[in-house]
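Peer 1: Here you go, one structure.
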Amino acid sequence: MNSKTYVEKLLAPAGIQINGDRAWDIQVYNDRFYKRVIRHGSLGLGEAYIEGWWDAKELDSFFYNILNADLGNSFAYTPSTILLYLQSLFTNRQSKSRAYEIGRRHYDIGNDLYRVMLDKRMVYTCAYWQDAENLDQAQEAKLDLVCRKIGLKTGQRVLDVGCGWGSFAQYAAEFYDANVVGITVSENQVALGRELCKGYPVEIRLQDYRDVDEKFDHIVSLGMIEHVGSKNYRNYIRKIRSCLNDDGIFLLQTIGSGTSVRSSDPWINKYIFPNSMIPSIAQLGSALEGLMVMEDWQNFGPDYDKTLMAWFNNFHKGWNSLKANYPDYFYRMWKYYLLLSAASFWSRKNQLWQIVLSNKGIPNGYQPLRYSQADILQTFK
């Protein structure tokens, strides 16, 4: 069996045809594509796309079909996946000495990119789309939901672990009169975050979470634990617990995996999020056991598909204003990242969790909060 025939049979369960006429069919422009994918799996697939060896009219639909058919299992044992597994097994890829690498390689690539791609507040985490009409509303709905879930009150001090450009910090200070300390490992985020939060009781620091040694009324972490690594989850929770007042609340927002893994996809690890991984329920549960009380666990994973598609549309429309500052391959690389990610939530392979935690349990119990139509209308009057 030649390599093309092998790939054709591999794609058949997903209903994908080579050079077919449907939006999710793959168009192959270089015959070396087949051997590259067979040898290097998802890493070869992504690199071949960047180099223009193949395409699909609707890339997110192509990935949806791939993921929905569980074809990722066909590439489970390639040299790149085995190497990543061994590195994760025998080393701590998210150690303190490596903490700032994700900042340099992902978040520092250009504030201009993120300003074009994101909403007006520059929120780089999943939006909350219930009753929201656009990305700006959906992100503000998410920020407000976080504030309400932690019971934020005037004058309270909040730590934002992985604060990005200060979107939550500014919102909490503006609408809830909170005092916020935000920490990030990205120099660019610190510089722009301080500018955006100027005039508010907000402090943005270049700091690793392991170096925080203060008490806070509440703590939030929105889309940061994906960079912590399973070997560090327990110590991460210990640090949060030590910094949280006994009557405070910790809200953790994270992408969630249905299976426990030690690393990310090889292509994602190499080109997008080095040394990162998505936690599972089992991994988080083990880290929390005996340390914190789980008060509430909400899953709105499908909202991340919608968020990522909004980000891609902004990126695509704004590319002409960006391309002079980025290499020629960047557009295809970033498109691949955003649409692959969108498909992972569309197919429900990945989830989005908001988890409310306390040190000793909320007296008389915690009342879970979800938005209603009335809440949305009140928020955006």
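The values are calculated or read from the model by the stated rules, or taken from the named source; none is laboratory data. Since we're looking at a predicted model, the values are computed, not measured. Counting neighbours? That spans all protein chains shown, and the Cβs are built from the backbone with ideal geometry, glycine included.
Peer 1: List the pairs whose first member sits in region 313-327 and is closer than 22 Å to Ser341 by Cα, whose second member is in a helix (DSSP H, G or I) and among the acidic types (Asp, Glu), and whose Cβ atoms are under 8 Å apart, counting only residues at least 6 apart or on separate chains?
Peer 2: Leu322/Asp112
Peer 1: Is it the case that region 277-288 has a residue that's crowded, with 21+ Cβ neighbours inside 10 Å and modelled with pLDDT under 95?
Peer 2: The answer is yes; a qualifying residue exists.
Peer 1: Let me ask another. Mind listing just one residue for me: the one in region 173-199 that is closer than 19 Å to Thr254 by Cβ and touching a Cys at 6+ places or on another chain (Cβ under 8 Å) and, of those, surrounded by the most Cβ atoms within 10 Å (Cβ to Cβ)? Reasoning before the result, please.
Peer 2: Within region 173-199, the subset closer than 19 Å to Thr254 by Cβ is 182-186, 189.
Now narrow it down to the ones that are touching a Cys at 6+ places or on another chain (Cβ under 8 Å): 182-184, 189.
Working: Gly182: 29, Ile183: 22, Thr184: 26, Gln189: 26.
Filtering region 173-199 for residues that are closer than 19 Å to Thr254 by Cβ and touching a Cys at 6+ places or on another chain (Cβ under 8 Å), the one surrounded by the most Cβ atoms within 10 Å (Cβ to Cβ) comes out as Gly182.
Peer 1: Please go through region 295-332 and give me each residue that is among the small types (Gly, Ala, Ser) and assigned to a helix (DSSP H, G or I), ordered by number.
Peer 2: Within region 295-332, the first condition is being among the small types (Gly, Ala, Ser), and the residues that meet it are 301, 310, 318, 321, 324.
Ala310, Gly318, Ser321, Ala324 - these are the residues of region 295-332 that are among the small types (Gly, Ala, Ser) and assigned to a helix (DSSP H, G or I).
Peer 1: Right, another one. Using beta carbons and a limit of 7 Å, which pairs, at least six apart or on different chains, have the first residue in region 150-163 and surrounded by 24 or more Cβ atoms within 10 Å (Cβ to Cβ) and outside any strand (DSSP E or B) and the second one modelled with pLDDT of 95 or more and of a type in the set (S, T, N, Q)?
Peer 2: From residues that are surrounded by 24 or more Cβ atoms within 10 Å (Cβ to Cβ) and outside any strand (DSSP E or B), the pairs are Gly162/Thr184; Gly162/Ser221; Cys163/Thr184.
Peer 1: Against the definition (surrounded by fewer than 20 Cβ atoms within 10 Å (Cβ to Cβ), in the same structural domain as Ser257 (by TED's automatic domain parsing) and under 21 Å from Tyr49 (Cβ atoms)), how does Arg348 come out, yes or no?
Peer 2: On the way: surrounded by fewer than 20 Cβ atoms within 10 Å (Cβ to Cβ): yes; in the same structural domain as Ser257 (by TED's automatic domain parsing): yes; under 21 Å from Tyr49 (Cβ atoms): no.
Criteria not met by Arg348.
Peer 1: Can you tell me which residues in region 268-293 are assigned to a helix (DSSP H, G or I) and closer than 18 Å to Gly103 by Cα? First the steps, then the outcome.
Peer 2: Our first condition is that a residue be assigned to a helix (DSSP H, G or I); within region 268-293, this holds for 268-271, 281-288.
Within region 268-293, Ile268, Asn269, Lys270, Tyr271 meet the criteria.
Yes/no matrix, rows are residues, columns are (1) surrounded by fewer than 20 Cβ atoms within 10 Å (Cβ to Cβ); (2) in the same structural domain as Gln298 (by TED's automatic domain parsing); (3) at pLDDT 95 or above:
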| position | (1), (2), (3) |
| --- | --- |
| Leu86 | yes, no, no |
| Tyr107 | no, yes, yes |
| Gly110 | yes, yes, yes |
| Met117 | no, yes, yes |
| Val123 | no, yes, yes |
| Gln130 | yes, yes, no |
| Ala138 | no, yes, yes |
| Asp144 | no, yes, yes |
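Peer 1: Right, here's the next one. I'd like the full set of residues that are of a type outside the set (Gly, Ala, Ser), at pLDDT below 95 and surrounded by 20 or more Cβ atoms within 10 Å (Cβ to Cβ), limited to region 233-266.
Peer 2: Result: Asp265, Pro266.
Peer 1: Name the one entry in Ala99, Ala76, Ala69 that is under 21 Å from the mean Cα position of the chain (by Cα) and modelled with pLDDT under 95. Let's see the steps before the verdict.
Peer 2: Details: Ala76 fails: under 21 Å from the mean Cα position of the chain (by Cα); Ala69 fails: under 21 Å from the mean Cα position of the chain (by Cα).
Checking each option against the conditions leaves just Ala99.
Peer 1: What are the pairs, 6+ residues apart or on separate chains, where a residue within region 173-187 that is under 30 Å from Pro274 (Cβ atoms) has its Cβ under 7 Å from a residue that is at pLDDT below 95 and outside any helix (DSSP H, G or I)?
Peer 2: Val185/Ala99; Val185/Tyr100
Peer 1: Is one or more of the residues making up region 157-173 modelled with pLDDT of 95 or more, of a type in the set (D, E, K, R), in the same structural domain as Thr254 (by TED's automatic domain parsing) and over 28 Å from Asn232 (Cα atoms)?
Peer 2: Going through region 157-173, the residues modelled with pLDDT of 95 or more turn out to be 157-173.
Retained after the next criterion (residues that are of a type in the set (D, E, K, R)): 157, 160.
Applying the additional criterion that residues be in the same structural domain as Thr254 (by TED's automatic domain parsing) yields 157, 160.
Right, trim to over 28 Å from Asn232 (Cα atoms) and you get none.
No, because not a single residue in region 157-173 is modelled with pLDDT of 95 or more, of a type in the set (D, E, K, R), in the same structural domain as Thr254 (by TED's automatic domain parsing) and over 28 Å from Asn232 (Cα atoms).
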